[in-house]
Each structure stands twice: as structure tokens, then as C-alpha cells.
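See below for the structure under consideration.
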Amino acid sequence: MSEDRKTWRIGVAGLGTVGGGLLSFLDAEPDFAPAGGRAVVTGISARSRARNRPVDVSAMQWFDDPVALAKSPDNDLFVELIGGSDGPAKAAVEAALAMGKPVVTANKALIASHGAHLAALAETKGVPLLFEAAVMGGTPAVKMLREALVGEDVISVAGILNGTCNYILTEMETKGSAFGDVLAEAQRLGYAEADPTTDIGGFDAAHKITILAALAFGCAPDFASAEIEGVDQVDLDDIKLAHDLGYRIRLVASAVREGEAVAVRVHPALAPFGHPLAETRGSLNALFIEGRRIGRIFLQGPGAGAGPTAAAVAADIADVMTAVRRPVFQSPASGLKFAPVIDPANRISRVFIRLRVKDQPGVIAAVSETLAGAGVSIDGFLQKSAQADGSVPIVLTTHATAESIVFEALERIARLPSMLQAPKLLRIARL
Ligand code: HSE
């Protein structure tokens, strides 16, 4: 720390959307947390030195190597905004923690994959490792679980944790636009990850829900055990047909605890009109937290973008400067264990089934007899008029049934001679 002990010299590695936002924030408001002192960026590292930055960086020390920035005695606090679960981000965070330097990161992939190991390193060295910006950008979900709900017995956390997917699903529904066009716009607006498959494939949401599960349930983050489906299998017809039945499709991330066991999942799911998840539109994020004493809390807000995410990073910087100390997760790192995974064999769901059939007598009877024979009860049903190619779209929703039974019934339905394509199944969100 510099001589007056009031100025924190900050090293920032990674100057993309969030890094640029943080530089602008601290340039404009170095005294945003006066109880902790002044926050000044003194060292930076990024992929390209030549790129234009939102503020004058000529007085900042440049590092080609983020590990060298992390180890430099010329900064007191290391901010990692490079991204990625391994490689330079992990090496730089480990280097900073190993020398006893506080670390703030927005890197959800890193924390979801290596959180327990990094927490152990941070706690051994007695320094904070903070990651509010890793989940829901500017909406404080991490502090909510780690701090405000430390005394609560949380049983589930579930919501919309990827703004890019929510933006794509909303735009496809409201404008009837093609998936690729909407994705390009999300990238232009700065929501999307550098590699869009991280968003689209559900991995970004899975990183975030893995972190929230660890904070909520006191277990080690266990990304490898997450079940992940993205929005890449959802097409415009699914969105329109779900809409006709009174639902919107959302990418829902959930973590549920039953006793000691935990299930962490990401998949597209239908939410009925009027439900807060269905009404969470555009790039917004939303989260339900359910606890035994508190009942349900609902958070909704920005999950991405330079300004909101920089504000979340700044909140962590303020915690470092004001010497707030807590375990990295809700429990001390020495007690973090991987939770057993809930057996999916008996999972109960309501589902939406989409079929494309030949326009001939007896088709609907055959479908409903197959479902009835398996004990699957139909809730909603919609048959559209025959298309130009003679095929008929049918969609139906079921009451709650063991998924294994529905899957078996769908295998039989797929073999009916009137089927023109494989049946498609989407779950209805458990709300
Ligand atoms: N790519 C993420 C999203 C933003 O679309 O939500 C950062 O977490």
C-alpha cells in the first residue's frame, strides 16, 4: 500500500467490457468507498496493448503477463477480469493469493471449477477472494447468500442467470426473429461471452448456478456434476407453440437440496404468462431463493454489461478496502465437501411435448392412448391446422409425472407410423 495507507493501488488484468467499465468507474469515482480509502488503478494487463481504452492509461504500469501483474509489489489488490476456468486467469489468481494479495474476480468459470482449491489457498493466506460480479452482474446474489442469508437453511435457488439466452428467447418471441440475428445483436450489446457457445450451450448459467449452490448449501462448487442443456435445441416453432399454450420458454438454472444431496441443472423450461420468470425479459436476470424460515425471495436485475458488472467488482473492492472478512464460501474452506448428487431416476416433472404428424384419422387417439397407457395425464392440448407440406403440428402439456415414464411413452410414440419427426420434449419450470 502507498505511503498514506489510504490509497489502494489496484492491478487489473483483462480490459474487455467489464475491465473497461471498471477503469471508467474508478477513474470517475476513486473515493466511492471513503471508509476504505481511495481506489486507484496503477497496473494493467490485457491481450492487446494497442487497443483504445475508455480512460487515459498512460500513467498505469503495463504488464504483458498477468501473472507478473498479480505478483507485482506495486499493487495491493489484484482484479482478475480475463475469464476462463484455467490458463492465465487461474495462474494469475493463484500467484496473487500465494503471495497474500487480496483478489477480486468476475470469473464464474474459474470459481465454479476451482473454487474449493482457491478458497483454501485464500484462507490459508488470510486474504479475501471475492466474486460478486461472477453471478448476475450488478444484482447482488453472491453477497445475498454468503452474508445476508448465512443463518438461513436454503433449500433451493433457481432462476434466469444468462442474459444472452434470455435476450435471444425474448426477441425471437416478440419479433419472430431468427436465432443467429438475435445472437449477433446480443454480442454487439456486450452481453455475450467471447465464445457464444458458453452462453448458448448453457455453460455460463451452469457456472453461475454451481457457485450459488455452493454458497447456498455450504458445499464445494462442483461444476463437473451439473446437468446442462442449452437453448441451441429451441427453435422459433417451439417458442410460438409454447406461446399459444400460454407459456414462454426460458433457460432456467436451478440448484435443489434434499438432505445432504444436491442437484444442479440448467435446461430450457416453460413458464406460464404472468409468472416472474416468464415476465423477466430481455437481458435481465432473475433468481428465486427459497429457505425454510424466509420462504421465498425474488431478485431481478441486470446480469451483464459494463456498468452493472463494474459496480459489482467495485463492491468487492470496497469490502477488501474496509477489511470485511468472511469465508470465501459460506463455510470455511477446510470444511467444504462435494455434495452427493440427487438420483435423477425418480425425478418428477410436468412437460411440454411437440409432435409433427401425418394428417390422417386416429393419430390423436393413438398418441393419447399411448400416454394414458403409461399413466401420463394430459393437461393442455393444441392441434394446429395442416401445414403446406401436409404435416400437422401438435403440442401438449402433461401433469406431473416421473420423467422416466414420460421418456418411455415418448419412445413408443416415436414409433407410431403417423409420426413425421422425433417427438420433442421441454420441461415446464417447477415454480
Ligand atoms: N454472458 C453473460 C450473460 C454475461 O449473457 O449473462 C456475463 O455473465
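The values are calculated or read from the model by the stated rules, or taken from the named source; none is laboratory data. This is a predicted model, so every value here is computed, not measured. Using ideal geometry, Cβ is built from the backbone for each residue, glycine included, and neighbour counts are taken over all protein chains shown.
Being crowded, with 19+ Cβ neighbours inside 10 Å and in contact (Cβ under 8 Å) with a residue 24 or more places away in the chain holds for only one residue in Ile428, Ile405, and it is Ile428. Filtering the range 340-373 to residues that are assigned to a helix (DSSP H, G or I) and of a type in the set (D, E, K, R) leaves only Glu369.
Counting only strands (runs of 3 or more DSSP E) wholly contained in the range 1-115, the ones carrying 1 or more residues that are closer than 21 Å to Ala304 by Cβ occupy 7-13, 77-80, 103-105. Checking Met144, Met136, Met172 one by one, the residue that is assigned to a helix (DSSP H, G or I), in contact (Cβ under 8 Å) with a residue 60 or more places away in the chain and within 17 Å of the chain's Cα centre (by Cα) is Met144 and no other.
Could you tell me whether Ala333 is buried (at least 22 other Cβ atoms within 10 Å of the Cβ) and either out of contact with any strand residue (DSSP E or B) (no Cβ under 9 Å at 6 or more places or on another chain) or in the same structural domain as Phe32 (by TED's automatic domain parsing) (or both)? Full working, then the answer.
Details: buried (at least 22 other Cβ atoms within 10 Å of the Cβ): no; either out of contact with any strand residue (DSSP E or B) (no Cβ under 9 Å at 6 or more places or on another chain) or in the same structural domain as Phe32 (by TED's automatic domain parsing) (or both): yes.
No.
All of Val320, Val313, Val328 fail the test of being in a loop (DSSP other than H, G, I, E, B) and over 30 Å from Thr397 (Cβ atoms), apart from Val328.
Suppose the filter is assigned to a loop (DSSP other than H, G, I, E, B) and either basic (Lys, Arg) or more than 27 Å from Glu411 (Cα to Cα) (or both); does Val376 pass it? Walk me through it before giving the result.
Details: assigned to a loop (DSSP other than H, G, I, E, B): yes; either basic (Lys, Arg) or more than 27 Å from Glu411 (Cα to Cα) (or both): no.
Here the answer is no, as Val376 does not meet what is asked.
Listed by first and then second residue, the pairs linking a residue in the range 45-58 that is under 20 Å from Phe78 (Cα atoms) to a residue that is in a loop (DSSP other than H, G, I, E, B) and aliphatic (A, V, I, L, M), with Cβ atoms under 7 Å apart and 6 or more places separating them unless they lie on different chains, are Ala46/Leu15; Arg53/Leu15.
Within the range 147-169, if we keep just the residues that are within 16 Å of the ligand (Cβ to nearest atom), modelled with pLDDT of 95 or more and among the polar types (S, T, N, Q), the residue that is nearest to the chain's Cα centre (by Cα) turns out to be Asn162. Within the range 236-251, the presence of at least one residue that is touching a Gly at 6+ places or on another chain (Cβ under 8 Å) and buried (at least 22 other Cβ atoms within 10 Å of the Cβ) is confirmed. When the helices (runs of 4 or more DSSP H) confined to the range 175-222 are screened for residues that are within 11 Å of the ligand (Cβ to nearest atom) and farther than 18 Å from Leu287 by Cα, those reaching at least 3 such residues are found at 179-189, 196-200. Taking the residues in the range 304-317 that are among the aliphatic types (A, V, I, L, M) and more than 13 Å from the ligand (Cβ to nearest atom) as candidates, determine which candidate is surrounded by the most Cβ atoms within 10 Å (Cβ to Cβ). Checked the range 304-317; the qualifying residue surrounded by the most Cβ atoms within 10 Å (Cβ to Cβ) is Ile317.
Answer yes or no: is there a residue in the range 245-263 that is on the phi > 0 side of the Ramachandran plot and away from the ligand (no atom under 16 Å from the Cβ).
As a first pass, look at the range 245-263 and keep what is on the phi > 0 side of the Ramachandran plot: 246, 259.
Going one step further and asking which of them are away from the ligand (no atom under 16 Å from the Cβ), we end up with 246, 259.
There is at least one residue in the range 245-263 that is on the phi > 0 side of the Ramachandran plot and away from the ligand (no atom under 16 Å from the Cβ).
Okay, residues lined up against (1) farther than 15 Å from Val135 by Cβ; (2) buried (at least 17 other Cβ atoms within 10 Å of the Cβ):
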position: Gly259; (1), (2): yes, no
position: Val262; (1), (2): yes, yes
position: Pro268; (1), (2): yes, yes
position: Thr280; (1), (2): yes, yes
position: Leu284; (1), (2): no, yes
position: Gly295; (1), (2): yes, no
position: Pro302; (1), (2): no, yes
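Looking at Ala116, Ala122, Ala106, just one residue is in contact (Cβ under 8 Å) with a residue 24 or more places away in the chain and surrounded by fewer than 22 Cβ atoms within 10 Å (Cβ to Cβ), and that residue is Ala116. Number of residues in the range 223-242 that are in a helix (DSSP H, G or I) and over 13 Å from the mean Cα position of the chain (by Cα): the value is 9. Listed by first and then second residue, the pairs linking a residue in the range 208-222 that is within 16 Å of Thr139 (Cα to Cα) and modelled with pLDDT under 95 to a residue that is in a helix (DSSP H, G or I) and more than 16 Å from the ligand (Cβ to nearest atom), with Cβ atoms under 6 Å apart and 6 or more places separating them unless they lie on different chains, form an empty list.
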